[in-house]
Amino acid sequence: MLEIDQVVTYYGPIQALKGVSLEVRQGEIVCLLGGNASGKSTTMKAILGMVRPHSGTVTFEGQRLNGLSTGEIVRRGISLVPEARRVFGRMTVWENLQMGAHTRRHAPGTELAQDLERIYELFPRLREREQQYAGTLSGGEQQMLAIGRALMARPRLLLMDEPSMGLSPALVDQVFDIIQAINRQGTTILVVEQNATVSLSIAHRGYVLQNGNIVLHDTAAALLQSDDIRQAYLGEG
Amino acid sequence: MNAERLRRVGKAALLLAALAAPIVAPNEYVVSVLARVCLYAMLALGLNIVVGFAGLLDIGYVAFFGIGSYVYAFLASTHFGIHLPTLLILPVIIGVAAIAGIVIGGPTLRLRGDYLAIVTLGFGEITYLLLLNLDRPIDITGGPNGIISIDPPSLLGLVASRNVHYYYLFLAVLLLVLLIAVRLRDSQIGWAWQAIREDELAAEAMGVNTTVAKLQAFVIGASFAGVAGGLLASWQRSVFPDNFLLQESINILAMVILGGMGNVLGVILGAGIIVVLPEAFRELALYRLLAFGLLLMVLMIFRPQGLWPARSAGRGRKYLDGAASAGTPAPGPSTPTR
Amino acid sequence: MDLLAMLPQQLLFGIALGTVYGLVALGYSMVYGVLMMINFAHGEVFMIGAYIGWGVLALLQNAHVGGLNPVWVLPLLLLPAMLLCGGLGMFLERVAYRPLYRRGATRLAPLISAVGASIFLQNAVMLTQGARMKVYMTHLLFPADWRFELLGVSVSYLIVVMIAVASAMMWGLHLLVQHTSLGRCIRAVAEDREIAQVMGVNVGLVVGMTFFLGSALAGAAGVLVGLYYTQIDFLMGYSAGLKAFTAAVLGGIGNIRGAMLGGLLLGLIESLSVTFINPAFKDVIAFLVLIGMLVFRPEGLLGERLADWRKV
């Protein structure tokens, strides 16, 4: 479904991605592991066209995404749950969800209303707080909102940048349950994480990114058993 | 080695040409234009310290020029009946201009760059309005009529009376100002300014006291302008509020930007161009400002470093890069510097 | 002289002036909100609006259109001024500011470019329209004796219309920003440009539209000021712009309601200082308020709403 082939990007004079290749297949949850500054967020930005690859290609459902605007890429069915949630704090919950559907603003109103209803069913808390400013929500609620906002774009591929960041362990479990639920409803998911245990437990396959290079990839189960992963991410060894 | 020698020879030739100019062209008009170039070059050098070295946009710089002029006029004219010798007035001017710089800079320099620009604009406007209106109820500034019959400058019994005298006087002061500017640029404080200009956060992280450094730039720039103002008053033998309109600030700013922010010789070149060009094309004077405006925009888009960019542009950079590798955290998901 | 007797009249003038300042201030505020930049040329857009209104009015008068009725003439003055100024604002953003952001020039560059644009526009108007002031034929629309008595104050209909038009426009803008898709996008870009882009918002277009809206309001304000003061010249944008910026800062730059409040306050301060202090010092006082505000409460009375939201 999504193929990234030998993507190289620069951040000023610094090479951020040094030829990253990965693949996400229809219906999968793929996990991209990596520490700080390993190039995880840059990979996300490259997929969404916010960072122009210096070389290499990004292909989605057989079509090249290189050079398309972010808006066009979102329209084609990819949306992002950003790192640290980054909901629009000065807008209401409802407005945030409308922003998520921005690329579909010309769609029939009933269709949007249905989608909104689906999100509210998934996250009943959001319905309760519909007219509240997003900045006043708790961290967990903001994460729900960020996910809901991304779903309003009706993505076929959902990118998630560190969904566990800054959440309590109980909330992390809850969020990953939701991710799994979304996946079962037919949305393919690429999740970028530092928290390897939780993310690998729900993922089908995983990649490990280090200093802008993919150093490892395998099924999630195999990665969970891998010594390298244990040392680097599970604090063992 | 060779290039360095060439540069030296070039500078010496430039100086000789400046010294010989009135002898080669003993024409009152030409000499008066040259004197104006010197005067404005002083102003431009002063503003260059603020804008070029420290990266603070001051759009009300002419206020200090005006303050210097009026201080001279107060202390050496029939207006108050005070006639102090020039050498005594200059330190007073420097003091007053510096105090004005502290008064306006002290509370405002920690503001964001664009706010600072507005504050200086407002300050320039306030100064102009005060000069214009402080003739009632007590006559301080002479109002719109200004102050006339100002004493010419005198030094050790010599009294300037012809344009040639003023030219050499201004040239001497300009050289002094130039020397000070170069010394400052190469000093500790000069490095601090350039660090601030490149990246204020990083400069602060490296231990530069940015507020003090910025204030120093502001005060030194202000005193340069004050001195130039005093010289203007002594030359015109009269001062009027309209000598100190916003337009003048813009002119000086254009000199700095055109010549190349931060490069002292470039700035002097800028002053030369902006003073001489309208003289050369008098019939085009109407279009001058139009062209200025356009030039500023075009220059910012295609050549933001000016016609003759500072050779030392990399200096502040290197300074910072060293610090960055010493472990200053990059602030947030920032865009690449520059 | 009975100063207190003049007070109600002066307050009325202050409110009228204040609504116009507010209208211009909105442009500064909105642009600052989305770009974190002060559009120095905004005052010039206001000035050009006044000239456009003057031109249309002169055309109508030359065409000997009998019975110039403000009901249809006023929109005829305001609309072209708003559209053309809006377009001018967008154009400025495109040619003078956007290339600088793209190239990542120094932080001084956009400011200097804006100063350049401001000088250019002033002189373009001076060269094409002459340096002498133009006179609005306001009396054709609003005869001087069109006034009524309210609580002992003689009120001209012109001032009522001016306050009403300015207030209606501010209200309209408020509705647009709060309740339309474009308004949501403007707020989204102001709050988090990158995430707005992730939502698929065309950020460049939204910035352009922000310039359009702000500039259109400034154009309308130019027409209103022309009608009210009847004399305009190519330098009028400079001090008006500075004062409108003061108003924006006063209320909290980036904050739409703040701009309106700041405008009103500044208008009142100005008219009161004319009455009680000295007309010659009204601008000095306005600028002192600006400096004082920036020094002691740079976030303004209502805070910086659109911009400066710290991420949680």
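The values are calculated or read from the model by the stated rules, or taken from the named source; none is laboratory data. This is a predicted model, so every value here is computed, not measured. A quick note on method: Cβ atoms are made from the backbone with ideal geometry, for glycine too, and the neighbour counts reach across all protein chains shown.
Only one of B:Leu215, B:Leu158 is modelled with pLDDT under 85, over 21 Å from B:Val37 (Cβ atoms) and surrounded by fewer than 21 Cβ atoms within 10 Å (Cβ to Cβ). Can you tell me which?
The match here is B:Leu158.
B:Ile189 is checked against (1) in contact with a strand residue (DSSP E or B) (Cβ under 9 Å, 6 or more places away or on another chain); (2) farther than 23 Å from C:Asp283 by Cα and fails just one. What number does that condition carry?
Here B:Ile189 clears every test but (1).
Tell me whether region C:89-96 contains one or more residues that are assigned to a helix (DSSP H, G or I) and closer than 25 Å to C:Leu12 by Cα.
No, that holds for no residue.
Within region A:66-98, track down each residue that is hydrophobic (A, V, I, L, M, F, W, C) and within 17 Å of the chain's Cα centre (by Cα).
So in region A:66-98, the residues hydrophobic (A, V, I, L, M, F, W, C) come out as A:68, A:73-74, A:78, A:80-81, A:84, A:87-88, A:91, A:93-94, A:97.
Once the filter is applied, which keeps residues that are hydrophobic (A, V, I, L, M, F, W, C) and within 17 Å of the chain's Cα centre (by Cα), region A:66-98 yields A:Ile73, A:Val74, A:Ile78, A:Leu80, A:Val81, A:Ala84, A:Val87, A:Leu97.
Tell me, which helices (runs of 4 or more DSSP H) wholly within region C:188-284 include 2 or more residues that are touching a Cys at 6+ places or on another chain (Cβ under 9 Å) and within 14 Å of chain A (Cβ to nearest Cβ)? Spell out the reasoning first.
On the way: elements: C:193-198, C:203-229, C:236-251, C:256-276.
Here the list reads C:203-229.
Kindly indicate whether any position in region B:61-72 is surrounded by fewer than 23 Cβ atoms within 10 Å (Cβ to Cβ) and either closer than 30 Å to C:Ala109 by Cβ or among the β-branched types (Val, Ile, Thr) (or both).
no
Considering only region B:272-282, I want to know if a residue exists there that is assigned to a helix (DSSP H, G or I) and of a type in the set (D, E, K, R). Explain how you work it out, then say what you get.
Taking region B:272-282 first, the residues assigned to a helix (DSSP H, G or I) are B:272-280, B:282.
Next, from what is left, pick out any that are of a type in the set (D, E, K, R): B:279, B:282.
Yes, some residue in region B:272-282 is assigned to a helix (DSSP H, G or I) and of a type in the set (D, E, K, R).
Quick check on region A:9-28. Is at least one of its residues within 14 Å of chain B (Cβ to nearest Cβ) and surrounded by 20 or more Cβ atoms within 10 Å (Cβ to Cβ)?
The answer is yes, given that some residue of region A:9-28 is within 14 Å of chain B (Cβ to nearest Cβ) and surrounded by 20 or more Cβ atoms within 10 Å (Cβ to Cβ).
Suppose we filter region C:134-187 for residues that are among the basic types (Lys, Arg) and either under 28 Å from A:Gly89 (Cα atoms) or surrounded by fewer than 13 Cβ atoms within 10 Å (Cβ to Cβ) (or both); how many remain?
Of the residues in that region, 2 qualify.
I'd like to know if region B:43-60 contains one or more residues that are within 14 Å of chain C (Cβ to nearest Cβ), of a type in the set (D, E, K, R) and touching a helix residue (DSSP H, G or I) at 6+ places or on another chain (Cβ under 6 Å).
Yes: one or more hits.
Going residue by residue through region B:185-206, is there one that turns out to be in contact (Cβ under 8 Å) with a residue 40 or more places away in the chain, hydrophobic (A, V, I, L, M, F, W, C), surrounded by fewer than 22 Cβ atoms within 10 Å (Cβ to Cβ) and not in a helix (DSSP H, G or I)?
yes
What residue, of B:Asp139, B:Asp135, is free of Cβ contacts under 8 Å to residues at least 60 places away in the same chain, surrounded by fewer than 16 Cβ atoms within 10 Å (Cβ to Cβ) and in a loop (DSSP other than H, G, I, E, B)?
Exactly one residue qualifies, and that residue is B:Asp139.
Does region B:289-298 include one or more residues that are under 27 Å from B:Val96 (Cβ atoms), in a helix (DSSP H, G or I), modelled with pLDDT of 80 or more and within 12 Å of chain C (Cβ to nearest Cβ)?
Within region B:289-298 (the criterion being under 27 Å from B:Val96 (Cβ atoms), in a helix (DSSP H, G or I), modelled with pLDDT of 80 or more and within 12 Å of chain C (Cβ to nearest Cβ)), the answer is no, since none of the residues qualifies.
Return the residue satisfying two criteria in turn: it lies in region C:208-231 and is surrounded by fewer than 24 Cβ atoms within 10 Å (Cβ to Cβ), over 14 Å from the mean Cα position of the chain (by Cα) and of a type outside the set (Gly, Ala, Ser), and of such residues it is farthest from C:Ala16 (Cα to Cα).
Looking at the filtered set, the residue picked out is C:Met209.
Taking region B:110-130 as the search range and keeping residues that are over 18 Å from the mean Cα position of the chain (by Cα) and more than 7 Å from every other protein chain (Cβ to nearest Cβ), which one is modelled with the highest pLDDT?
The qualifying residue modelled with the highest pLDDT is B:Arg110.
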